[in-house]
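Coordinate-derived values only; no laboratory data. Nothing here was measured: the structure is a model prediction, and the numbers come from that model. A quick note on method: Cβ atoms are made from the backbone with ideal geometry, for glycine too, and the neighbour counts reach across all protein chains shown.
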Amino acid sequence: MLEISQNFIGGKRIPPCGNERLEVRFSYDDSLVGTVPLANRGDVDLAVAAARRAFDAGSWPRMAPEERQAVLSKFATLHAARSDEFASFICTENASPLWFTSAVQQGVAPQNAAYLDAAKSYPWEIRQAAFGGQNDTIWRREPVGVVAAVIPWNAPHQSALAKLFPALLAGCPVILKLAPETALDGQFLGEMFMDAGLPEDVLSILVADREVSEYLVTHADVDKVAFTGSTAAGKRIAAAAGDQLKRFSLELGGKSATIVLPDADMDMVAATVRFSGLINSGQSCIAQTRILVPRKNQDRFVEALVADLQSLTVGDPRKIETFIGPLVSRRQRDRVAGYIETGIAEGAKLAIGGLGMPEGIDKGAFIRPTVFIDVENSMKIAQEEIFGPVLSVIPYDSVDHAVAIANDSPFGLGGGIWSADPDDALDVARRIRTGTLSINGAHPDFLAPFGGFKQSGMGREFGSEGIGQYVEHKAITI
């Protein structure tokens, strides 16, 4: 068990202002993983004050970009060396399957490297002839200020570093607010950044409940909020930030569609759904949980999909062969079970799964891997983000019909298209209103922007666009 007694504020461990502590428990067997102080408003004030000092009078915002890059490059090396350790630890915090936490931690290294690569060529300051040629203009990109970065629990290090790297590269001090479900793993990041040479006051890491988190994001001395989480919470942040004209970026929920074109190999695509739709036991914002298949191929596709899901190992997430573990908490399990009840009531049919515990399991926050068929896109299970191992197979009659179904959603975060002809798939991809699409299972590019259309968010992460979320633009004419 990991017991953390002090907060990480301004690069140092200091006693918390209050006495309230948070327990983190493993949802597979309810065992205690560790405890950590739960921040109150006094802790937030201390963290924001440290960040304000760093921004107003510290060295970090005034360093040459290359100096900041050197610190983050050293951190990236330190972090990569502990990838396996962090994967195992996070597995016991949020019950994500070990295969998933390992894959995510291995993916953090190229994510960090891509940010560093983008920073090298980023136009921090350029001098150009002004329009008309009578003056010169110096165009500067300067740090936006103190950043509150609020992250979720499903991929905590990936989410944290997707915000910390661009913010720190831009010269911004950051208060990182961890999710209560994964309140422990993020604590390791603080000392690692200090070991890499980050100056004091630049980084604080806190755990807080909803009330104190709202106090942080609305704090007058916070200049920018970077948030990943639910659309409902994102709307609250956007409203609060708008009232203060505070900068913000939001990476929110999704209800992404996989479009299986008529010429695709139905059996092969069915075998990929475990990764595109059920990754992290379905607890992923980019999970492709609406599977659009030609009506004439639906029965064959569903038969292959059910056969594949029946072969998956469900159980202890610490075992590398386990593909699906419990959900992060009993509360999340009950929420997902409610959606399954709704789907049945709406008239969708179960091809596999449903209510109750998986076979042979009598403990833990489990949901049986579930596939609904005969789903209408207007149903609640097809319109709302469930965040669990629940898929909807939706038949379509033409490619135009498939595009219309895919776009008939309040969300627009991810998606996938499968076809024997990549050019045909690309034509369809251009018609889908979503921020990220993969064709035939292609891996994401960490130099390309990531984010959502519609209610899936505002702003982008990764690459130069990600860094651009943390700068203000200044023009000086000479």
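Pairs exceeding 18 Å between alpha-carbon atoms, taken from K74/K224; K349/K380; K177/K224; K246/K454; K120/K474; K255/K363: K74/K224; K246/K454; K120/K474; K255/K363. The residues packed around I352, meaning those with a beta-carbon under 11 Å from its beta-carbon, carry a net charge of 0 if Lys and Arg are +1 and Asp and Glu are -1. Relative contact order of the stretch 1-147: 18 percent, from C-alpha pairs under 8 Å at least 6 residues apart in sequence.
If you plug the beta carbon distance of L312 and E384 into 1/(1 + (r/R0)^6) with R0 = 22 Å, you get a FRET efficiency near 0.35. Annotation for the stretch 1-18 versus the stretch 71-147: alpha-carbon center distance of 26 Å. Here the chain is scanned for trypsin sites (Lys or Arg not before Pro) in DSSP loops (not H, G, I, E, B) that have at most 12 other Cβ atoms within 10 Å, and the longest stretch holding none of them is 1-362.
Viscosity 1.002 mPa s, temperature 20 °C: Stokes-Einstein D of the stretch 28-143 from its Kirkwood Cα radius, in µm² per second? Kindly include the intermediate steps, with their values, before the conclusion.
Numbers: Rh = 18.5 Å.
Roughly 116 µm²/s, to the nearest whole number.
Taking 0.36 nm per residue of separation and subtracting the Cα-Cα distance, full extension of the segment from E142 to K363 would add 74.3 nm.
How far is the Cα center of the stretch 429-478 from the Cα center of the stretch 251-304, in Å? Cα centroid of the stretch 429-478 versus Cα centroid of the stretch 251-304: 24 Å apart. Membrane-span-like helices in the chain, defined here as complete DSSP H runs extending at least 30 Å along the helix axis by their C-alpha atoms with mean Kyte-Doolittle hydropathy no lower than -0.5, are 98-120; this is a sequence and geometry rule, not a statement about a membrane. Label-to-label distance, E85 versus S5, with points set 7 angstrom from Cα along the beta-carbon direction: 2.1 nm. Full extension of the chain between R335 and K319 gives 3.2 nm of extra length, using 0.36 nm per residue less the Cα-Cα distance.
Estimate the FRET efficiency between R21 and D424 by the formula 1/(1 + (r/R0)^6), using the beta-carbon distance for r and 45 Å for R0, to the nearest 0.05.
Rounded to the nearest 0.05, the efficiency is 0.20.
Computed on the stretch 328-459, with alpha-carbon pairs under 8 angstrom and 6+ residues apart, the relative contact order is 18 percent.
Compactness ratio for the chain: Cα radius of gyration over 2.2 N^0.38 Å (N = residue count) comes to 1.00.
Just to be sure I follow: if Rg is taken over the C-alpha atoms of the stretch 1-78 and Rh is the Kirkwood radius over the same atoms, what is Rg/Rh?
On the way: Rg = 16.9 Å, Rh = 15.2 Å.
Across the stretch 1-78, the Cα-based Rg/Rh ratio is 1.11.
Electrostatic bookkeeping for D263 treats Lys and Arg as +1 and Asp and Glu as -1; over the other residues with beta carbon under 12 Å from its beta carbon, the sum is -4.
Only beta bridges with both residues in the stretch 277-433 are counted; by DSSP, about 30 percent of them are antiparallel.
Taking the Cβ of L32 as the center, what net charge do the other residues with Cβ under 9 Å away carry, scoring Lys and Arg +1 and Asp and Glu -1? Taking every other residue near L32 into account, the sum is -1.
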